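The block underneath contains the structure these notes are about, expressed in structure tokens.
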Amino acid sequence: MERRSILKKLLASAAGISIFGFAKAGIVNNDEKEVNNITNHQDVPLFSGSTKLGNMVFIAGKGAHVEPFEIKAHTEIVLQELEKELKKAGSSMEKVLKVTVFLNDIADYQGMNDVYKGRFGKNPPVRTTVAVAKGGVPGNSLVEMDCIAYI
Amino acid sequence: MERRSILKKLLASAAGISIFGFAKAGIVNNDEKEVNNITNHQDVPLFSGSTKLGNMVFIAGKGAHVEPFEIKAHTEIVLQELEKELKKAGSSMEKVLKVTVFLNDIADYQGMNDVYKGRFGKNPPVRTTVAVAKGGVPGNSLVEMDCIAYI
Amino acid sequence: MERRSILKKLLASAAGISIFGFAKAGIVNNDEKEVNNITNHQDVPLFSGSTKLGNMVFIAGKGAHVEPFEIKAHTEIVLQELEKELKKAGSSMEKVLKVTVFLNDIADYQGMNDVYKGRFGKNPPVRTTVAVAKGGVPGNSLVEMDCIAYI
């Protein structure tokens with residue numbers, strides 16, 4: 001691009017909203033969200049595996065629905081599912097900002113931690129963990145996790 | 001605005017933090033949040049129906065507190081409440097990124113899905129669903145949902 | 001910085017992605033997250049007390065783990081813990097956008113509100129409150145709260 005036209009564009013932009021508007025108005029977004037892995041219910045879109053807006057990524061709650069119904073095995077599956085979705089969205093475990101962990105039973109807290117520790121790198125995300133109703137995680141999973149990450 | 005003064009402002013801005021600071025530091029925000037529909041408790045602000053910062057919108061947890069206490073009816077009410085708040089904040093169901101669904105009873109999972117499906121458009125948000133304690137949703141609602149969206 | 005070089009940088013920037021790229025692509029992030037107060041499990045990073053990306057701040061779930069096991073005392077402790085983390089991350093109670101409250105018992109809803117009201121200023125965050133399983137908050141806390149804020 002030729003310098004004069006860049007300057008013109010810059011000035012035009014400044015006269016409009018994009019640059020000063022940005023400085024003034026905070027975050028401005030011209031994007032639409034992107035989604036991955038849509039799950040249907042009765043042939044109608046129910047939820048996505050991930051959504052993305054700008055550099056922010058949101059991952060759906062992931063459970064484990066197979067044998068053995070044991071907390072370490074289920075935690076391992078759930079972490080792998082999260083990682084798969086994160087990578088598909090262009091992010092990674094190291095770029096996770098916030099995780100929510102829903103346990104089927106608070107007695108599984110230590111077992112979950114044993115597998116969870118270190119999995120998000122040296123600078124881990126924040127985390128909130130609670131046990132919901134027994135059987136309260138869909139599909140009889142012993143644990144469900146979701147997260148917010150970036151790219 | 002006269003061109004020379006725009007250029008001046010641009011240069012002044014560049015000398016400060018707003019433009020290069022932005023490019024260098026990632027997201028910079030000069031906004032304060034905006035809120036809608038404040039609920040008081042004993043005449044003191046308790047929570048807002050929505051908060052907004054830049055293009056991000058956060059909607060409060062919505063329940064249903066009327067007859068019939070049946071999952072499809074309550075899901076319908078909750079979705080309508082979410083939509084009302086989203087529109088008031090300048091967003092829409094199609095612009096939701098993440099939904100969290102708290103059920104009173106995991107047995108209501110399918111009934112909730114039957115009403116929920118398709119309500120957020122072709123590219124639905126991610127979702128996390130769990131059942132909390134029986135009676136664990138305030139006001140005896142059978143379901144509570146909150147969401148994060150954009151404008 | 002001398003004016004000519006600023007202009008050069010501005011033009012160079014415009015020719016690249018940072019300024020117009022931003023206006024076009026929505027949120028652009030050149031930052032890595034920052035974290036505070038890492039908690040280890042078996043000498044390995046488990047979670048952080050807060051994470052920060054650009055102007056967004058995420059605070060870990062906070063509980064209360066001391067006598068008296070009474071909702072108002074625990075709510076007070078949790079709110080103070082949130083505030084400490086927020087300040088450490090450069091934010092404040094007034095800049096919280098979204099709070100999630102997990103109660104041990106829905107019967108504690110009013111007691112929690114009595115202490116919670118007004119604590120986030122005149123324009124409070126959105127909130128989602130549910131009661132999880134009895135004993136479902138780690139460490140026998142009667143309440144756990146996390147939040148999303150900004151700087």
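The values are calculated or read from the model by the stated rules, or taken from the named source; none is laboratory data. Treat the numbers as computed from the prediction; the structure is a model and nothing was measured. Heads up, the Cβs are rebuilt from the backbone with ideal geometry, glycines too, and the neighbour counts pull from every protein chain shown. To get the accessible areas, we keep the full protein, side chains included, count just its heavy atoms, and leave off ligands, DNA and RNA. Shrake-Rupley method; radii C 1.70, N 1.55, O 1.52, S 1.80 Å.
Observations on the structure shown:
- Residue within the stretch A:110-127 that is over 26 Å from C:A64 (Cβ atoms), surrounded by fewer than 24 Cβ atoms within 10 Å (Cβ to Cβ) and among the aliphatic types (A, V, I, L, M) present: yes
- Given (1) farther than 14 Å from C:C147 by Cβ; (2) among the polar types (S, T, N, Q); (3) more than 13 Å from chain B (Cβ to nearest Cβ), index of the condition C:Q110 fails: (3)
- Annotation: A:D31 fulfils all but one of (1) closer than 21 Å to B:V101 by Cα; (2) in contact (Cβ under 8 Å) with a residue 12 or more places away in the chain; the unmet one is (1).
- Hey, C:V66 open to solvent by less than 30 Å² (accessible area, probe 1.4 Å) and of a type in the set (V, I, T) or not: no
Okay, residues lined up against (1) surrounded by fewer than 17 Cβ atoms within 10 Å (Cβ to Cβ); (2) among the aromatic types (F, W, Y); (3) at pLDDT below 95:
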residue	(1), (2), (3)
B:A23	no, no, yes
B:G26	no, no, yes
B:K52	no, no, no
B:G61	no, no, no
B:E81	no, no, no
B:A107	yes, no, no
